[in-house]
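Read the structure below first, then the notes.
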Amino acid sequence: MPSSYFSLILREHGASGRDQATLLTGTGLSEATLSATPEISLGQQLCQIRNVAQMRGPTWSLATGSRLHPSTHGPIGLAAVSAPSLRDALKVMERFSQVRSPHFRLRVRMGASEVRIVPEDLVALTSEEQGPLIDIVLLSTQGLIEAILGRPLQGARFELPYRPGDDVGRYAEYFHAPLRFACPEPAIVFPSSWLAVRSPLADPAPFRAAVRALGMRERALYGDRVLVARVERLLARRGARLQVQSAATLLGVSTRTLTRKLANEGTNFHTLREASLKATALAMLSDRELSIAEVAYAIGYEDAANFGRAFRRWFGVSPGQHRQHGTD
């Protein structure tokens, strides 16, 4: 996925060097390498989201989501605001949402009286990841729709699948329509009559160019890149003990198909598993209450010495040296 969202969160919540280091923990990225990295993995983005949740609490995503304007979303934002009508914009957003953010897709259900826009998860997410991502998707979609309507979403409503915490009043600062909590699914709901609203920024030439660019991107990414993201999530949840045969079974494909599709994306299961191990090892070593032996066992090494050799191969230093360097 594009690194722009990662950079925005880093800029928004990394005011100090210490905060930036916390946000980058376990991602394998640095501020220097990020500037030269147009794309990151979904696993790296989700790792950052877990980091910022621990720093800022569960409602950190409200201010961040409200700052995502159409240009933040690249060609999908341009296509949405330059579409002839809200109906056309929603069709583009539904078709190409996965191209921009591989963790979800938008479903647009157009009924006789109401339209429901529902973000559906494509990968298994923890509650720490899911809640903020729902907020960000709904708030950024709010921004796109309001750019077409030319006004706030008065007359609509938001449905959220979780219960708010003590700071429930903060939601009204960012969502521009009434909210319902503890609903079966997240959604934006508004009258069907809005579909015919013409966009004030409608322009056939940029609309066609943006849709063409999105189509090329869709053809390049369809299937195989999403599969890589799903493997990353399985590894993050199940750890080093997950074998390629088990991963293929969980994903509903044969081992041979999984191997081929990963190769199409220039990677393999061993490489993804090792990347997951490295990120997990770094994150766990930052918790100084855990011994190095406990970290080794947690990520699948029965022998701490074997973990030490692997860690030195990955990073050029021993786990103890890495931990000491982090202290200095």
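Every read-out reported here was derived from the displayed coordinates using simple, explicitly stated rules and does not represent laboratory data. Given the structure is predicted, the values throughout are model-derived calculations rather than measurements. FYI the Cβ positions are ideal-geometry reconstructions off the backbone, even for glycines, and counts take in every protein chain you see.
Can you give the helix-only mean residue ellipticity at 222 nm for the chain, where every DSSP H stretch with n ≥ 4 adds -39500 (n - 2.57) and the sum goes over all residues, rounded to the nearest 500 deg cm²/dmol? Intermediate results must be reported in sequence, preceding the final value.
Working: 17 runs with 190 residues, N = 328.
Theoretical 222 nm ellipticity from helices: -17500 deg cm²/dmol.
If packing is taken as the average count of other Cβ atoms within 10 Å, what order do 278-286, 107-115, 175-183, 134-142 fall into, highest mean first?
On the way: 278-286: 19.3, 107-115: 12.8, 175-183: 14.9, 134-142: 23.1.
Output ranking for 278-286, 107-115, 175-183, 134-142: 134-142, 278-286, 175-183, 107-115.
Any idea what angle helix 86-100 forms with the longest principal axis of the chain, computed on alpha-carbon atoms, 0 to 90 degrees, nearest 10?
Between helix and principal axis, roughly 10 degrees.
So which residue, out of 147, 172, 80, gets the largest mean-square fluctuation from a GNM of the chain using Cα contacts under 10 Å as springs?
Among 147, 172, 80, the largest GNM mean-square fluctuation belongs to 172.
Out of these labelled values of Cα extents along the principal axes in Å, (1) 63, 46, 46; (2) 66, 47, 37; (3) 62, 57, 37, which was calculated from the coordinates shown here?
Computed from the coordinates, Cα extents along the principal axes in Å corresponds to (2).
Quick one: angle between helix 4-13 and the longest Cα principal axis of the chain, in degrees between 0 and 90, rounded to 10, please.
Taking Cα atoms only, the helix is inclined about 80 degrees.
Compute the long axis of helix 304-315 from its Cα atoms, compare it with the longest principal axis of the Cα atoms of the chain, and write down the angle in degrees, 0 to 90, nearest 10.
Once rounded, one gets 60 degrees.
Relative contact order for the chain using alpha-carbon pairs under 8 Å, separation at least 6, rounded to a whole percent?
Details: 452 pairs, mean separation 55.6, N = 328.
With pairs under 8 Å counted, the relative contact order is 17 percent.
If contacts are Cα pairs under 8 angstrom and at least 6 residues apart, what is the relative contact order of region 1-124 in percent? Could you put the intermediate results ahead of the total?
On the way: 121 pairs, mean separation 23.1, N = 124.
So the answer I get is 19 percent.
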